[in-house]
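The values are calculated or read from the model by the stated rules, or taken from the named source; none is laboratory data. Note that the structure is predicted; figures quoted are calculated from it, not measured. Note: ideal-geometry Cβ built from the backbone for every residue, glycine included; neighbour counts use all protein chains shown. Accessible surface is based on the protein model in full, side chains and every heavy atom, while ligands, DNA and RNA are left aside. Shrake-Rupley method; radii C 1.70, N 1.55, O 1.52, S 1.80 Å.
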Amino acid sequence: MAPDLLRLDIVVPVLMYCALLWWVGRGLSWTARLATAAVTLLLIICVLLVERGWG
């Protein structure tokens with residue numbers, strides 16, 4: 001694959017995010033799951049911004 005099609009700096013955090021949501025969300029209510037998803041996505045976005053020097 002071309003390097004632009006497989007962006008590991010985006011794919012890896014998304015996979016980690018999905019795994020975290022599955023693990024944490026097993027016993028949570030829907031509102032707690034949504035809050036967990038929002039916080040985790042925000043953290044991933046912040047890490048990507050810092051790594052790329054956009055922040």
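Compute the acute angle (0 to 90°) between the alpha-carbon long axis of helix 30-52 and the principal axis of greatest extent of the alpha-carbon atoms of the chain; round to the nearest 10°. For 30-52 against the chain, the angle is about 20 degrees. Computed from the C-alpha gyration tensor, the three semi-axes of the ellipsoid equivalent to the chain are 25, 15, 6 Å, from longest to shortest. Using the Cβ of Pro13 as centre and a radius below 14 Å, the other residues enclosed give a net charge of 0, where K and R count +1 and D and E count -1. Each peptide among 15-27, 36-48 gets the average number of other Cβ atoms lying within 10 Å of its residues, and from highest to lowest they stand as 36-48, 15-27. Computed over protein heavy atoms with a 1.4 Å probe, the carbon and sulfur contribution to the accessible area of the chain reaches 77%. Axis of helix 8-24 versus longest Cα principal axis of the chain: the two differ by about 10°, to the nearest ten degrees.
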